[in-house]
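Notes to accompany the following structure.
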Amino acid sequence: MHLPRFTYVRPGSRDEAAGLLDTFGKAAVLVAGGTDLFPRMKYRISTPEYLVSLSGVTRFLPALDEDGALRIDALMSLGDLSRSPIVRTHAPLVSQAATCVASGQIRNAATLGGNLCLECRCLYYNQSHTFQFVEPCFKLGGDLCYFAPKGNRCWAIFASDVAPALLSLDTVICVTGGPGKQRRFPVAELYTGDALSPLTLLPSEIITEIIVPSAFGTGRHSFRKFSRRKGYEFAGLSVAVALQVADDGRTCRDARIAVGSVAGGPVRAAAAEAGLPGQDLSNSETVRSAAATAAQEIRPIAHHGYQAAHLRHCLEVEVLRALTEAAGPAPLADV
Amino acid sequence: MSDPLKYVGQPIARVDGPAKVTGKARFTVDVQPPGTLVCRILRSPHPHARILGIDISAAQKLPGVKAVVTADDTLKIKHGFVETPRYPADQYPLAVGVVRHVGEEIAAVAAVDEHTAEAALKLIKVEYEILPAVFDPEEAMKADAPEVHPSHPKVTEPFRNIAGKTETGWGDVDQGLAESDYVRTDRFESHLRTHGYLEPQATVASWEDGKLNVWTSSMGPFIKRKKLAQTLGLPLSAVRVHKSYVGGAFGGKIDLFSHEFCAALLSMKTGRPVKVVVSREEIFAAYRHGQPLIVELTTGVKKDGSIVAQRIRTINNCGAYKGSGVVVIFLSWGFAMATYRIPNMAYEGFAVYTNNTVRCPQRGHGAPQMRFAIESQMDMIAEEIGLDPVAIRLVNARLPDEQLPNGDNVHNCGLVECIEKAAERINLRERYGSSRNKAAEGGSLRRGVGIGVSAYFGGSLIYPNSSSVIVKLNDDGSLIILTGSLDIGQGAETILTQIVAEELQVPISQISIMAADTETTPVDIGVWISGNAYVTGNAAREAAMAVRHKILEIAAQELETETCQLVLSEKAVSVTGAPERRMSYAEIYEASVRSRRGDPIIGEGHWRTMRDVPTHPSLATAKGRWTENYAFDAQAAEVEVDIETGKARLVRAVTAHDCGFPINPLNVDGQIDGQVSMALGHAFLEEVMMENGRTLNPSWLEYRMPTIGEMALSESIDVITESYVVGQPYRTKEVGEGYVSAILAAIANALYDAVGVRLYTTPFTPERILKALKEKAQADSGNA
Amino acid sequence: MEHIKVVVHLLINGDAHDLAIAPEATLSEVLRGQLGLTGTKDGCGTGECGACTVLADGRPILSCLTLAFECQGREITTIEGVACNGELNPVQQAFIDAGAIQCGFCTPGMVLATIALLNETPHPSFAEIEKALEGVLCRCTGYNKIVEAVNRAAEAIAARLKGGTSCQTP
Ligand SMILES: Cc1cc2nc3c(=O)[nH]c(=O)nc-3n(C[C@H](O)[C@H](O)[C@H](O)COP(=O)(O)OP(=O)(O)OC[C@H]3O[C@@H](n4cnc5c(N)ncnc54)[C@H](O)[C@@H]3O)c2cc1C
Ligand code: SF4
Ligand code: FES
Ligand code: FES
């Protein structure tokens, strides 16, 4: 397996990179760690003429804002993220989710931004199409779907582990589209939910940093990844739960439940969340019914050998476990 | 009493360890002669199609392309895993007229680099007429099924697509079943798995001055030389297969593969070295995998659990060509009859063509599938008649010196001891049934234990039938071993070195080994018939003996004593009781050259299993002897099931094995650990997912091999039944593939013990386990 | 598209190399093809086996998913560079002694991942070993003896440090 040929450009700043993306248009693709893009390029699913690399861009270390929010460089590697004491303290859920991604070697190259912008995955798509599934499917610009031949949409899965964690923490995404073209928005707005074009970013936009607000950052939380193997593997589904608990230690003030790998983007279990504020989290019925609600409102797509019904069942189990874990006695500082 | 063994039987570190741990060991993928061209292969996108035309002209014109070949550039000579009068060779190295599975090889190019080679493939235009295809074996047997190949002419049943049939038996099964106190019939299905060798398939071929030099990731250079010579129309002497280290094989690198043929042909065409490294994706989607067997099993027992009769029918989804699909239906019979006494048996096995990739041996070659069926049913029977799993196995287990129906003898069979020891170690008698459906500590986890047994042959007769070894003394008293045997990770080089070290009392570090080169090393059976330790090992011992004889003769002459007065130690010979009367091997060498017309002391040894048996047994009737050595084992498993998600894992495996005599206990343990790991992958994780002949998961991300996270505790117990005595032939059994089978059955049985559900189909996925739990809950509440 | 090669300056096992490479060349291709350092293995090329693991500034990365161009300014260590003073690295020795090698194809990646682990965590728990090696597949050993080798190596290194002889592993 070898990479296709491309012209390599290495801008010195994020703004410059965005400018280049703008100039080259569709012919260019941005690369950070390359751990998602390079396999796709080797399979010839992506064959950019220009590769705009972020490897020459100066990175910054995670730091706290005056209001206690944690700012993390989108170019930070997941390995550094999972080792960073400040992240572990102020956004332990992010550090946990990052540690669940792929393998140590990959985490040392993979970046946070790349993880959030991961391409959607499908068994029929993540192949090289030289002698199997040769006709392009929707995702490759064709007009058929191998997965659901009768349908007219793409059912590929957005499998990032960190995205649901950020979603549950009300994280803010900062992007640049070139000099003077910065904007920020809640992470939920990063995703379209459509696997054909999963991100709302403009073609020239680059994620520069993320801001984890303090409200959820250090609250009770749990991250669970359901997969067949313990070692490196994408999630069958992943669940991130973040809770704000009243001073009595049991009454829920606010709750976030986010689920990954079940659709074309990370999803929130809004109905399940809505039922929790004011409830006693130590009551097992409370969490049980929240989990049941989550499994009602989210319909996982079958993928990578997992059947839909099974995922749905396990979604309930994992949400229940995550809620129970998060509601349980405050975890010891994970340092 | 003879002296204690110093090298044989010791846990000696592998002799190729330093080369492998420093990155110096050269694998085929590392071979890169100057000026090497890159070869890529064009494969069929269709499971079944007629080739109406191939146009290579555009590809040939692409700058950087040095040659393009299709079937028209070949001699159209077929090859096959089996090449017998009943099962003649049936596969062209490049498709002639028809393709029968997705990924079948149609053309190959040699170009200056990968980019050019791949661009050239895109320029080859093939016109197809798509033919109807069939993928399921039972569908393929139907009268109106698409025909992959005509049914075998000797098969009389009105089935389509029969590649081969094995039919055998003894006694009267109908009467046996009628006389049984309890009879049951079950159907078990196994799924498609693959070897997962880490080193991809790869070949370098270099045609120089009328000689084809080949480096290829294989399981034996001599069989590759034969098949390459045959299909290329070259004399054997024009083909040289060189040694390279092999990054795992597990049965998957025996056959001739088209990429090997293509690299060779392209090198002959271009006069330049040609290298092909097959992509992991091609290996998963187009290469040979193991064999998914359907086993229908009827067993009748007496009240005491003793088997009276067994009827077995297997159906093998054999893929688009015979491959080893017609062998596995023979072997499955062997794996059924070797462990237990079965007074009446009727066996029939069908290999059925389908438009899937070709099958080849995979570690265990039918045994895991067969033992899963038999051992699962054994537990079901035991439960029905009120016996425990250990008792029913002890009643039926073969005893030492039993004669098998095919004329083989089990000799010093340690099966009973294996069963008892494995059961005892995991405390099976007490634990089995005691914790069923009970949570360990509240929670959703359940644990259970189970047992299975198995037997495996060690060496059979198949080309080239012989292993020969040469041992040379150097003038400094060190040794060189020449062997055609190949180290694929199992430790062949190490155990041969140990044997020679023991026979000649030369330290391991003073012995170098030259292996697996068809030109400079003697012939070898190859490392795919589970006979290396026995056949090649005895050849090495004989070669060392020949050297020993010469050393002793010369020493006796020079020290003026009888050879029986001499002892060997540390590269020297001395007189018993008079250690000062001593000659070093260097001095002996010098004396030999001086006094024996230059004889530098070279020993040759050879070995053949079953020396009085002319040929291998009949694949059609199973008549004829199969092997000299049966290894036996009992394996126990502890399994944990999460009843909420259905996820299950192997926690602990105990292997009590009668491998005869462990020449290197460290190697034996390593083989067992690896097989336990493979079996847990088989049981819970791995599956080549296919849809209409296309592979959905052609990558390691999605073909879920165990990672370190799935590791199970693996313990082994030696049941030693044979011995090694210096100067005498020894009988040892095999350790390389016999221990993937009983453990699979043990896992199935432990799963049942944990949660009370019986799965008849592998793998035991969370979906299947949950579904079975749900059905059980419904049935239980229905009964209540 | 024109294919211009670029000159890179790489530091590999302490040796400096100036090489003309294609921009799309991965580190594993350059190591194996151009420098003849074939100890780094390529088992898939797509990040799924870990056989191509090398150390970049002491941290394990996959050389099959790393552009050689982007390795400038980083210290790369391959399996050929871990022996110290002509002697096997304690991790290498432990792999041999524990029987943690069979076919040997995963061995370079395993050894390098282990070296990185032990540099950061001299006495790893089982969970830490599991996490550090989760990205290197081994089909032969079932991992049992590999875990044993890691533990043995940890002991050996500790004993060496006690004895005052230290060997600077990358
Ligand atoms: C074997 C294997 C296992 C894996 N397992 C997991 C897993 O378990 N969980 C998981 O989440 N992922 C997994 N991954 C995927 C991937 O490694 C990670 O998601 C990683 O975080 C991607 O980051 P990267 O920097 O390498 O992305 P890249 O490959 O560099 O980029 C990925 C995509 O994001 C875009 N991009 C990158 N950075 C930015 C930015 N700052 N702004 C805008 N767009 C950007 C790129 O254009 C590209 O399209 C796995 C990958 C492999 C090969
Ligand atoms: S689900 Fe999407 S990626 Fe998969 S086959 Fe259908 S269109 Fe292609
Ligand atoms: S070759 Fe890099 S991970 Fe397999
Ligand atoms: S030793 Fe063969 S893959 Fe690990």
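The values are calculated or read from the model by the stated rules, or taken from the named source; none is laboratory data. Note that the coordinates shown come from a computational prediction; the quantities given were computed from them, not determined experimentally. All Cβ positions, even for glycine, are placed from backbone atoms using ideal geometry, and neighbour counts span all protein chains on display. Ligands, DNA and RNA are excluded from the accessible area calculation, which covers all protein heavy atoms including side chains. Shrake-Rupley method; radii C 1.70, N 1.55, O 1.52, S 1.80 Å.
Just one of (1) within 14 Å of chain C (Cβ to nearest Cβ); (2) of a type outside the set (Lys, Arg); (3) within 23 Å of A:Leu190 (Cβ to Cβ) fails for A:Thr58. It is (3). Hey, could you check the range C:76-107 for residues that are more than 7 Å from chain B (Cβ to nearest Cβ) and at pLDDT below 95 and say which is most open to solvent (accessible area, probe 1.4 Å)? By that ranking, first place goes to C:Asn85. Scanning the range A:40-59 finds one or more residues that are more than 9 Å from ligand 1 (Cβ to nearest atom), within 21 Å of the chain's Cα centre (by Cα) and open to solvent by 50 Å² or more (accessible area, probe 1.4 Å). Take the range B:13-29 and flag every residue that is open to solvent by less than 30 Å² (accessible area, probe 1.4 Å) and either away from every other protein chain (no Cβ under 12 Å) or of a type in the set (Val, Ile, Thr) (or both). Of everything in the range B:13-29, those that are open to solvent by less than 30 Å² (accessible area, probe 1.4 Å) and either away from every other protein chain (no Cβ under 12 Å) or of a type in the set (Val, Ile, Thr) (or both) turn out to be B:Val21, B:Thr22, B:Thr28, B:Val29. Anything in the range A:130-143 that is at negative phi and either within 14 Å of chain B (Cβ to nearest Cβ) or hydroxyl-bearing (Ser, Thr, Tyr) (or both)? List them, or say none. Within the range A:130-143, A:Thr130, A:Phe131, A:Gln132, A:Val134, A:Glu135, A:Pro136, A:Cys137 qualify. Scanning the range B:684-743 for residues that are within 19 Å of the chain's Cα centre (by Cα) and of a type in the set (Lys, Arg) yields one hit, B:Lys733. Residues that are open to solvent by 20 Å² or more (accessible area, probe 1.4 Å) and touching a Lys or Arg at 6+ places or on another chain (Cβ under 8 Å) within the range A:93-127 comprise A:Thr99, A:Cys100, A:Asn108, A:Glu119, A:Cys122, A:Asn126, listed in sequence order. Scanning the range B:185-210 for residues that are in a strand (DSSP E or B) and under 30 Å from B:Ile381 (Cα atoms) yields B:Thr185, B:Asp186, B:Arg187, B:Phe188, B:Glu189.
Going by the structure shown, is A:Pro164 more than 16 Å from ligand 2 (Cβ to nearest atom), open to solvent by less than 10 Å² (accessible area, probe 1.4 Å) and on the phi < 0 side of the Ramachandran plot? It is true that A:Pro164 is more than 16 Å from ligand 2 (Cβ to nearest atom), open to solvent by less than 10 Å² (accessible area, probe 1.4 Å) and on the phi < 0 side of the Ramachandran plot. Being under 26 Å from A:Val52 (Cβ atoms) and within 13 Å of chain B (Cβ to nearest Cβ) is not true of C:Cys49. Taking the condition basic (Lys, Arg), free of Cβ contacts under 8 Å to residues at least 12 places away in the same chain and open to solvent by 40 Å² or more (accessible area, probe 1.4 Å), does B:Arg548 pass? Judged against the criteria, B:Arg548 is not a match. As a summary of the residue check, A:Glu233 satisfies the conditions (1) open to solvent by 30 Å² or more (accessible area, probe 1.4 Å); (2) farther than 21 Å from A:Pro92 by Cβ; (3) away from ligand 2 (no atom under 16 Å from the Cβ) except for the one numbered (1). Only residues that are part of a helix (DSSP H, G or I) and open to solvent by less than 10 Å² (accessible area, probe 1.4 Å): list them for the range B:685-709, please. Residue satisfying the conditions is B:Ile708 alone.
Among the residues of the range A:112-140, which ones are over 19 Å from C:Gly47 (Cβ atoms) and within 16 Å of ligand 1 (Cβ to nearest atom)? Across the range A:112-140, the qualifying residues are A:Lys139, A:Leu140.
Starting from the range C:133-155, keep only residues that are within 13 Å of chain A (Cβ to nearest Cβ) and within 16 Å of ligand 1 (Cβ to nearest atom), then list their pairs with residues that are open to solvent by 10 Å² or more (accessible area, probe 1.4 Å) and outside any loop (DSSP other than H, G, I, E, B) whose Cβ atoms are within a distance under 6 Å, requiring at least 6 positions of separation or different chains. Final answer for the pair search is C:Glu134/B:Gly709; C:Gly135/A:Gly104. Scanning the range B:343-363 for residues that are crowded, with 24+ Cβ neighbours inside 10 Å and either under 15 Å from the mean Cα position of the chain (by Cα) or part of a loop (DSSP other than H, G, I, E, B) (or both) yields B:Thr354, B:Asn355, B:Asn356, B:Thr357, B:Val358, B:Arg359, B:Cys360, B:Pro361, B:Gln362, B:Arg363. Checked against (1) crowded, with 22+ Cβ neighbours inside 10 Å; (2) more than 30 Å from B:Gln498 (Cβ to Cβ), B:Gln32 passes all but a single condition, namely (1). Do you know which residues across the range B:670-708 are at the interface with another protein chain (Cβ under 7 Å from one of its Cβ atoms), touching a residue at least 12 places away in the same chain (Cβ under 8 Å) and farther than 23 Å from B:Thr357 by Cβ? B:Gly670, B:Asp673, B:Val676, B:Ser677 - these are the residues of the range B:670-708 that are at the interface with another protein chain (Cβ under 7 Å from one of its Cβ atoms), touching a residue at least 12 places away in the same chain (Cβ under 8 Å) and farther than 23 Å from B:Thr357 by Cβ.
Among the conditions (1) farther than 24 Å from A:Gly33 by Cα; (2) within 12 Å of chain B (Cβ to nearest Cβ); (3) outside any helix (DSSP H, G or I), C:Ala16 misses just one, which is (2). Where strands (runs of 3 or more DSSP E) fall wholly inside the range B:211-309, no range has 2 or more residues that are in contact with a Gly (Cβ under 7 Å, 6 or more places away or on another chain) and open to solvent by 10 Å² or more (accessible area, probe 1.4 Å). Screening the range B:90-125 for residues that are closer than 27 Å to B:His365 by Cβ and open to solvent by 30 Å² or more (accessible area, probe 1.4 Å) and picking the one that is nearest to the chain's Cα centre (by Cα) gives B:Tyr92.
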